[in-house]
Every structure is written in structure tokens, then in C-alpha cells.
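The values are calculated or read from the model by the stated rules, or taken from the named source; none is laboratory data. Values in this document were obtained by computation on a predicted structure and should not be read as measured data. We place every Cβ from the backbone using ideal geometry, glycine too, and count neighbours over all the protein chains shown. Just so you know, the surface numbers come from the protein's heavy atoms only, side chains and all, with ligands and any DNA or RNA stripped out. Shrake-Rupley method; radii C 1.70, N 1.55, O 1.52, S 1.80 Å.
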Amino acid sequence: MPIARTVALAMALAASLAAAPTEAQQVNVKFSLDFVLQGPQSPFFLAHERGYYTEAGVNLTAIDAGRGSADTIGRIAGGAYEIGFGDMNALIEFNAKNPGKEIPAVMMVYDQAPFAIITLKSKGIAKPADLVGRNAAAPSFDAPFRLFPLFAKANGFDAQRVSWSNIAPQLREPMLSRGDTDAISGFSFTSLLALKGLGVPAENIQVFMYKDHGVDLYSNAVIVSPAFAQAHPRAVEGFVRATIRGFRETIANPQAAIAALKEREALINEAIELERLQLALQTSVLTPDVRANGLGGVNAQRLQRNIDLITEGFGLERKVAPELVFNGRYLPPGADRWLTR
């Protein structure tokens with residue numbers, strides 16, 4: 001073999017070895033999800049199962065279920081987890097209330113918030129204003145519930161004229177299905193599939209999406225401990241790249257993602273979680289903006305409007321700056337973020 005070719009091959013091998021993280025270069029990461037393990041979280045498990053995080057230099061020592069976005073943010077702030085998946089609006093609230101301790105989102109996932117008011121058509125609630133004088137139920141920490149005054153304002157009625165009960169999350173859909181309440185708030189794909197699982201006919205379910213009724217918000221994003229991001233920027237970049245790869249392959253083969261989820265959570269109903277996953281992808285992930293520009297980024301003007309709405313809706317005394325809410329430096333170029341091309 002000619003010397004020049006031998007040298008070139010050796011240099012190429014050395015470059016590839018340098019690019020691929022060795023076992024010693026792996027950075028340990030504990031990752032907290034936002035909620036119980038369901039179909040919409042399956043892309044993370046698919047990426048993990050296929051070794052994409054490891055390839056990117058990230059050793060995921062845990063992928064744990066969450067108890068709501070506020071709790072996930074608390075886990076990151078307290079140092080128990082390095083990376084999490086949680087609602088941008090809860091993050092805005094935390095950052096506004098904790099100057100100097102702000103936690104950044106580094107990758108937007110739910111480009112369109114799945115926030116909704118859910119009722120039954122048999123209740124005779126044909127439009128949002130028909131909620132006046134009715135009873136509704138939700139956990140007190142539920143983001144759509146907390147933002148209900150904005151929803152009411154956008155739809156021309158007084159939020160105070162709806163009576164709300166504070167309930168545990170797992171009671172929400174059963175109460176509605178039994179007729180114990182007239183409406184609930186929640187994530188559309190979570191409540192819709194839960195109601196169908198309880199035997200409620202799909203044609204009797206009425207869903208009022210916030211996005212379709214004047215309240216346009218981002219939602220779940222990948223969030224990172226600022227101390228971890230400063231110490232391990234390449235690990236954050238690697239986590240984002242691997243996650244995008246997981247979503248890309250989930251879209252191509254959603255059944256494979258559900259299979260990866262079932263390896264972790266054997267008791268899931270695969271058919272229901274597949275439907276839940278597909279609904280989440282259709283309504284919250286694969287938006288026109290994501291189809292055009294790729295997964296992960298935000299629109300600066302839309303983010304500012306989002307912050308304005310949350311500042312008003314949560315009654316925050318401090319309006320946090322956009323750069324303290326979202327940091328796009330860890331995202332790959334746009335062409336590497338496309339999901340469907």
C-alpha cells in the first residue's frame with residue numbers, strides 16, 4: 001500500500017476515534033420526564049434503546065417518570081437531575097420567581113401546547129362560553145387550569161363564573177366520564193385517550209384546544225441544569241442530537257418507539273399509547289413551523305408573546321428576558337433538525 005494512502009487511512013482512523021466518545025468520556029446524566037410513562041415520551045426510550053445517547057457521549061443512568069412539570073423543574077434546580085422534560089410555561093414562572101437561578105430550555109419539543117378544556121357533547125357545551133355556570137375539575141398545578149383566565153378572556157366570558165374543584169390527576173377523566181363534573185382541563189392527547197380507555201365514545205368527546213381559541217403557547221421542552229450545561233456543553237449538544245434522532249425515527253416507525261417504551265413499562269396498553277403518541281406528534285410536534293424549520297428551535301417574537309401571556313396569566317411580578325428562558329446554542333444546524341425530509 002502506498003505510504004500516502006497509509007498515512008491518510010491512519011489519519012482518518014484517528015479522527016474517527018477522536019470524534020466517538022470513549023467510555024472514559026461518557027458523561028453521566030439523570031433525566032426526568034414530565035409525567036408518567038406514556039406514548040409521547042417514547043422517543044426518548046427509542047433513542048436510549050438504540051444507543052444514540054451513548055454514541056453522543058451521554059450515559060443515561062436514569063430516565064424517570066415525573067409528577068408534573070413544576071416538580072421536574074424542582075428536580076433540576078435541586079441538583080437531583082441534570083436534564084429534564086417539562087413545560088416551558090412552568091419554566092417561565094420558575095425563572096421569573098428565581099432571579100439569578102434561571103434554568104434554560106435548550107430544545108423545544110411541543111411546538112404547540114396541547115392545553116385543552118375537555119367535556120362531553122352530551123353536556124351541551126358547544127362553545128367555550130357555554131362553560132359559564134358549570135362545574136369543572138383539575139389538579140391545582142395543572143397548567144391549562146392555571147391559564148384558564150386567559151382562555152376565558154380570549155373567548156369573552158368571566159372565568160370566575162366557572163366553579164372549579166381541585167382533584168388528583170388520576171381522578172380527572174373518571175369524574176368526567178361518570179358525569180361528576182361538566183369539564184376538565186389537561187393535555188388533549190392525555191385526556192382524550194384516557195376517556196376512550198374508560199369507554200367514552202369518541203363522538204361524545206368535545207375538546208377545546210387553547211391554540212384554536214386565542215391562546216397560542218409553547219409547551220414541553222428539554223431543560224438543563226445551568227451548572228451542568230456550563231461544565232458539559234458537549235454532553236448537552238449530544239443529548240439534543242440524540243433526542244432529535246429519536247424523534248425522527250419515531251415518526252418513521254412509531255411502533256418501534258412504543259416497543260421501546262414497553263420494555264421499560266410492561267403494563268402499558270400498546271394500542272392506546274400508539275394512538276396517544278401519534279396524536280401528540282400530529283398536534284404538538286409536527287407543526288407547520290417544525291416541518292419548515294426543524295425540531296428544537298423557537299421563534300423569537302412568539303417566545304416573547306408567550307412570556308407576556310404567562311406573566312399576565314400567572315400574575316408574575318417580574319417579566320423574565322427571553323434569553324433566560326431559551327438557549328439555542330446547543331442545537332444542531334437547521335438541516336440536521338428536520339424530521340420529515
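General observations
- A single member of Asp64, Asp87 is of a type in the set (Asp, Glu) and either free of Cβ contacts under 8 Å to residues at least 24 places away in the same chain or open to solvent by 20 Å² or more (accessible area, probe 1.4 Å) (or both), and it is Asp64.
- The set of residues in the range 281-311 that are within 17 Å of the chain's Cα centre (by Cα) and among the hydroxyl-bearing types (Ser, Thr, Tyr) comprises Thr283, Ser284, Thr287.
- Filter pass, Asn269 being more than 27 Å from Ala56 (Cβ to Cβ), over 16 Å from the mean Cα position of the chain (by Cα) and in contact (Cβ under 8 Å) with a residue 40 or more places away in the chain: yes
- Qualifying residue in the range 170-177 (condition: of a type outside the set (S, T, N, Q) and either outside any helix (DSSP H, G or I) or touching a Lys or Arg at 6+ places or on another chain (Cβ under 7 Å) (or both)): no
- Some residue of the range 40-48 being open to solvent by 10 Å² or more (accessible area, probe 1.4 Å), polar (S, T, N, Q) and either modelled with pLDDT of 95 or more or touching a strand residue (DSSP E or B) at 6+ places or on another chain (Cβ under 7 Å) (or both): no
- Residues that are among the charged types (D, E, K, R) and open to solvent by 40 Å² or more (accessible area, probe 1.4 Å) were ranked within the range 313-341; the one that is nearest to Ile251 (Cα to Cα) is Arg341.
- Selection within the range 50-102: residues that are β-branched (Val, Ile, Thr) and under 16 Å from the mean Cα position of the chain (by Cα). The member of this set that is farthest from Ile268 (Cα to Cα) is Ile92.
- Any hit, the range 272-285, residues being in a loop (DSSP other than H, G, I, E, B), surrounded by 16 or more Cβ atoms within 10 Å (Cβ to Cβ) and hydrophobic (A, V, I, L, M, F, W, C): no
- Enumeration of residues in the range 178-192 that are part of a strand (DSSP E or B) and either out of contact with any Phe, Trp or Tyr (no Cβ under 7 Å at 6 or more places or on another chain) or of a type in the set (Phe, Trp, Tyr) (or both): Ala183, Ile184, Gly186, Phe187
- Count of residues meeting criterion [buried (at least 18 other Cβ atoms within 10 Å of the Cβ) and not in a helix (DSSP H, G or I)] in the range 286-296: 4
- The single condition among (1) open to solvent by 60 Å² or more (accessible area, probe 1.4 Å); (2) farther than 28 Å from Tyr210 by Cα; (3) assigned to a loop (DSSP other than H, G, I, E, B) that Gln255 does not meet is (3).
- Of the residues examined, Asp212 is not one that is closer than 20 Å to Asp87 by Cα, surrounded by fewer than 18 Cβ atoms within 10 Å (Cβ to Cβ) and touching a residue at least 60 places away in the same chain (Cβ under 8 Å).
- Selection from the range 258-271 of residues that are crowded, with 16+ Cβ neighbours inside 10 Å and either closer than 17 Å to Phe115 by Cβ or of a type in the set (A, V, I, L, M) (or both): Ile258, Ala259, Ala260, Leu261, Ile268
- The one condition from (1) farther than 23 Å from Asp71 by Cα; (2) open to solvent by 50 Å² or more (accessible area, probe 1.4 Å); (3) at pLDDT 95 or above; (4) not in a loop (DSSP other than H, G, I, E, B) that Leu195 does not meet is (2).
- Residue match in the range 157-164 (condition: open to solvent by 40 Å² or more (accessible area, probe 1.4 Å) and under 26 Å from Thr287 (Cβ atoms)): no
- Single unsatisfied condition, Ile310 versus (1) open to solvent by 20 Å² or more (accessible area, probe 1.4 Å); (2) of a type outside the set (Gly, Ala, Ser); (3) in contact (Cβ under 8 Å) with a residue 40 or more places away in the chain: (1)
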